[in-house]
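In what follows, a single structure is set out as structure tokens and then discussed.
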There are 2 protein chains.
Amino acid sequence: MRNLIAEFIDQVLPRTHTRPEIQHLFDLMRDYPVRGGKMLRSQLLMMVARAFGGPAERALPLAAGLEMFQNWVLIHDDIEDDSEDRRGQPALHRLHGIPLALNAGDALHVYMWQVVHQSGVPGAFEEFLNTIHRTAEGQHVDLSWVVNGSWDLSEADYLQMVHLKTAYYTVVAPFRLGMLAAGLTPDPEIEAAGLKLGAAFQIRDDVLNLIGDAADYGKEIAGDLLEGKRTLVLLHWLAQASPEQKAFFLKVMSLPRDQKQAADIQQILQWLHDSGSIQHAQHMADAEAAEGLRLIRNVLSRASDQKTADQILHLLEQLATRMV
Amino acid sequence: MRNLIAEFIDQVLPRTHTRPEIQHLFDLMRDYPVRGGKMLRSQLLMMVARAFGGPAERALPLAAGLEMFQNWVLIHDDIEDDSEDRRGQPALHRLHGIPLALNAGDALHVYMWQVVHQSGVPGAFEEFLNTIHRTAEGQHVDLSWVVNGSWDLSEADYLQMVHLKTAYYTVVAPFRLGMLAAGLTPDPEIEAAGLKLGAAFQIRDDVLNLIGDAADYGKEIAGDLLEGKRTLVLLHWLAQASPEQKAFFLKVMSLPRDQKQAADIQQILQWLHDSGSIQHAQHMADAEAAEGLRLIRNVLSRASDQKTADQILHLLEQLATRMV
């Protein structure tokens, strides 16, 4: 299924141009797609369509569009966060500079709308609009906390940001688009289920960023700390940290990325481990995942192909626990 | 007509949100549109539709979409060029930083496709796709010359870049979209005419950047030199500069913007004036404009409303000479 989606994207994107500079743009647009992500969201979309009796050829352009969305948004996110690595290689702007990477992201963005428009699946265009509106809002919330140095945030603030930034495009959209590809009206329960599963996914991702293995994870470990990302782990720890710890933390966070000292980051990581905040986040992810899975089982109980429905549940379980 | 288009955009963009961070995103998305550009391209589109008997309400969403394109692309261009000013105020990323400005440009981009999709004008979506593909290609060519320090470029290289980067969205697209709004197949002569008029517009803009008045122009004078932009004036001058002048120029151009000295920029400006290269560029713009106007008169001779056709010719004459 990954091959099918990758081949579709390969066919859609322009390949060669006689002018070498434009050939270079085409190469940049293909870079992230060719690096080969896990394609979880687009595969989920294909499976949901199949479970509800939708033909693969109707779901495929939407899956490719969602994957192209993921790719252009990652190019831009990596600039916004000044991330170092993506899928085990340097981020695009670290290879080619911000101007060319930014423009290549825009170019890929336009090809995404081309694919969605040409799919002709009723309601799909509106679903992409809604999904990307929410994602951009969540990204703005997340970035503005970093820009403004906001740390006085509740778990509810974090969850609202994560719902917008991650959950819509990771779970809600693949489910809704899959049902649209099957010619059905998306189930109203999808939204609540998807927000919970998406939150579980992101909380697990945050934890993995702190304690994961770099080779498996594909991004630098503790990169979120270097980038000053607000995570559930940090917010929980801050609420119970000593004034001295908090002052130390805020001082480190106020420094630009390249002035943050490895020893200081290690100190903070140690406190996060000792405080039980990582465990708290994992418990919260478990609870969100359990409730999300309960709700999505209702949705999937109405699918015509129950064998595929079971595979979807299995994928969602893995996704919500970040085992994939 | 400007008010109509501005009101349409005002209605389309989200205005208020209970979450202050998202409210802030909405404010950023509205910033460039509210600064009020000249809206030349969107007004041209409305006039072409009227000249060919198209109803204003069919042309209006396309005009708004083209204006929204101009606005998101300017946000991103200003980041890519690290421009200081836009429409007499600081560029968006200079007010809010690159991350928030980049994301606000993406958010506006998505609303543009929403407007184009909802217009329902057959062929308009494909016209936007084609236009933005070409613009992104032209932008990549232009940026990659700066990144790679390429100065060994011909006038033909410059014209090809300008056709892609400027002429499609400035002249070709407004004409073609205007005819589509009138329910007509766009005239095949539009492309050749629009490329010539667009080139004339950009060459004049380059000249204005060197010799214009900052208050009228809305951008910093000689900003192109600070940004290292390739222009017809510079390429013509380089082809006849002495080895000493060329070495001096390349040394200044190799410096980052904030290390370029005002006195050095003044020296280069003086050489450009003395060499006749500014005059050469103006002659070339005149020739491109004359040929473009000749071709577009053919197209407009088939319009049902010849009074509006005359107004369009007048606007295009002003546009090609940058009197507007």
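The values are calculated or read from the model by the stated rules, or taken from the named source; none is laboratory data. No experiment lies behind these values; they were computed from the predicted model shown. For neighbour counting, all protein chains shown are included, and Cβ atoms are generated from backbone atoms with ideal geometry for every residue, glycine included.
When each of B:Leu184, B:Leu164, B:Leu180 is tested for being over 21 Å from A:Trp113 (Cβ atoms) and either part of a helix (DSSP H, G or I) or modelled with pLDDT of 95 or more (or both), the lone residue that passes is B:Leu184.
One residue stands out in segment A:136-152 among those that are among the acidic types (Asp, Glu) and surrounded by 22 or more Cβ atoms within 10 Å (Cβ to Cβ): the one that is farthest from the other protein chains (Cβ to nearest Cβ), namely A:Asp142. Among the residues of segment B:51-68, those identified as part of a helix (DSSP H, G or I), in contact (Cβ under 8 Å) with a residue 60 or more places away in the chain and surrounded by fewer than 24 Cβ atoms within 10 Å (Cβ to Cβ) are B:Arg58, B:Pro61. Restricting attention to segment B:69-94, which residues are touching a residue at least 60 places away in the same chain (Cβ under 8 Å) and either under 20 Å from A:Gln139 (Cβ atoms) or buried (at least 24 other Cβ atoms within 10 Å of the Cβ) (or both)? B:Phe69, B:Val73, B:Glu80, B:Leu92 - these are the residues of segment B:69-94 that are touching a residue at least 60 places away in the same chain (Cβ under 8 Å) and either under 20 Å from A:Gln139 (Cβ atoms) or buried (at least 24 other Cβ atoms within 10 Å of the Cβ) (or both). If you check A:Asn103, A:Asn71 for being assigned to a helix (DSSP H, G or I) and more than 13 Å from chain B (Cβ to nearest Cβ), only one passes: A:Asn71.
If only residues of segment B:120-135 that are part of a helix (DSSP H, G or I) and among the β-branched types (Val, Ile, Thr) are counted, the one that is nearest to the other protein chains (Cβ to nearest Cβ) is B:Ile132.
Quick grid of which residues meet (1) closer than 27 Å to B:Leu184 by Cα; (2) in contact (Cβ under 8 Å) with a residue 12 or more places away in the chain; (3) assigned to a helix (DSSP H, G or I):
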site	(1), (2), (3)
B:Trp271	no, yes, yes
B:Gln279	no, no, yes
B:Asp286	no, yes, yes
B:Ala290	yes, no, yes
B:Arg297	yes, yes, yes
B:Ala303	yes, yes, no
B:Leu313	yes, yes, yes
B:Leu319	yes, yes, yes
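Among the residues of segment A:1-34, those identified as more than 17 Å from B:Val147 (Cα to Cα), of a type in the set (D, E, K, R) and at pLDDT 95 or above are A:Glu7, A:Asp10, A:Arg15, A:Arg30, A:Asp31. Candidates in segment A:26-47 are the residues that are part of a helix (DSSP H, G or I) and out of contact with any Leu (no Cβ under 8 Å at 6 or more places or on another chain); of these, the one that is farthest from the other protein chains (Cβ to nearest Cβ) is A:Arg35. Being facing chain A (nearest Cβ under 9 Å), more than 30 Å from B:Gln306 (Cβ to Cβ) and over 21 Å from the mean Cα position of the chain (by Cα) narrows it down to one residue among B:His109, B:His76, B:His117; which is it? Step by step, each of B:His109, B:His76, B:His117 is checked, and only B:His117 is facing chain A (nearest Cβ under 9 Å), more than 30 Å from B:Gln306 (Cβ to Cβ) and over 21 Å from the mean Cα position of the chain (by Cα).
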